[in-house]
Amino acid sequence: TQLLEQSPQFLSIQEGENLTVYCNSSSVFSSLQWYRQEPGEGPVLLVTVVTGGEVKKLKRLTFQFGDARKDSSLHITAAQPGDTGLYLCAGGIGTYKYIFGTGTRLKVLA
Amino acid sequence: NAGVTQTPKFRVLKTGQSMTLLCAQDMNHEYMYWYRQDPGMGLRLIHYSVGEGTTAKGEVPDGYNVSRLKKQNFLLGLESAAPSQTSVYFCASSTTGGNQPQHFGDGTRLSIL
């Protein structure tokens, strides 16, 4: 069974702080996606990384895929209350299946 | 632009009852998925379909059946509901090709008493 562990599980920080969320596995993935989910809604895709070592930036969010394509990180600079939500990573298996991580619940306090 | 629509949004069942969850997408996507989301466990894949008339098992298929008679619809059935199936169920769809984003519905919250 392929597993994706996310850490930390919960994170509560003050507005303006930086944070990093990790997504780790012993399995190699074809790609890695990050989603954000808000209460009462489905997850929404933030980014897809495909190449080992790839780094992508989305405004204050920086995503990195590990060199061996087994892990990934999400770094948020100067967090804002609007960043509050559940962050999920998903590892690609082949071309159409994904294994989701356990999730990191982030709360940014004003 | 509806995207992925799930019905119903909430449902309470008694143990042993049956029901069907409906997922409809208007994006002409080939791939469709059913997940369940439980606290601390992320999303787990129940069943998926790579095209009309095809279905396949995911990580946690036991106790569920699915059908994809029309490209735009993906149905999830519970034949005899059990308390362990209390969860939030999400449907998703994506287009063909690798690394495509999955588009999710807003979920169905199901409680089995």
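Bear in mind that the values in this text are calculations on the coordinates, not laboratory data. Predicted model only: the values in this text are computed from it and were never measured. We place every Cβ from the backbone using ideal geometry, glycine too, and count neighbours over all the protein chains shown.
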Original post:
Hey, rough spin-label estimate for A:His75 and B:Glu52, points 7 angstrom out along Cα→Cβ, what's it come to in nanometres?
Top reply: 4.8 nm
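Name the longest site-free stretch of chain A, where the excluded sites are trypsin sites (Lys or Arg not before Pro) in a DSSP loop with no more than 14 other beta-carbon atoms within 10 Å. Don't skip to the answer; put the middle values down first.
On the way: sites that count: A:Lys59, A:Arg60.
In short, A:1-58.
If you place +1 on the Cβ of every Lys and Arg, -1 on the Cβ of every Asp and Glu, and leave all else neutral, what size is the dipole of the range A:1-62 about its Cα centre, to the nearest 20 Debye?
On the way: 5 positive and 6 negative charges, 51 e Å.
Once rounded to the nearest 20, the dipole reads 240 debye.
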**OP:** Would you work out which of B:Gln17, B:His103, B:Leu76 lies farthest towards the positive end of the dipole of chain B, given +1 charges on the beta-carbon of Lys and Arg and -1 on that of Asp and Glu, about the Cα centre?
**Re:** B:Gln17
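Hey, what's the Cα Rg ratio for the range B:1-59 versus the globular rule of thumb, 2.2 N^0.38 Å? Present the calculation step by step, with values, prior to reporting the outcome.
Numbers: Rg = 13.3 Å, N = 59, 2.2 N^0.38 = 10.4 Å.
Output field value: 1.28.
Pull out the extension gain between A:Lys57 and A:Lys107, defined as 0.36 nm times the separation in residues minus the alpha carbon to alpha carbon distance; nm, one decimal. Please report the intermediate quantities before stating the final value.
Numbers: separation 50, 0.36 × 50 = 18.00 nm, distance 2.11 nm.
Residue separation times 0.36 nm, minus the Cα-Cα distance, leaves 15.9 nm.
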**OP:** Using the Kirkwood radius over Cα pairs, work out the Stokes-Einstein diffusion coefficient for the range A:5-109 at 20 °C and 1.002 mPa s, in µm²/s as a whole number.
**Re:** 157 µm²/s
Subject >> Mean Cα-pair separation over length for chain B, i.e. relative contact order, pairs under 8 Å, 6 or more apart, % >> reply: 35 percent
Subject >> Cα-centre dipole for chain B with unit charges at Cβ (Lys and Arg positive, Asp and Glu negative), debye to 20 >> reply: 220 debye
Subject >> For the range B:13-75 versus the range A:52-110, the gap between their alpha-carbon centres in whole angstrom >> reply: 25 Å
Subject >> Inter-label distance for B:Ser18 and B:Arg44, nm, one decimal - labels placed 7 Å from Cα along Cα-to-Cβ >> reply: 2.4 nm
**OP:** Can you quote the Å³ per residue value for the convex hull of the Cα atoms in the range B:4-112, rounded to an integer?
**Re:** 91 Å³
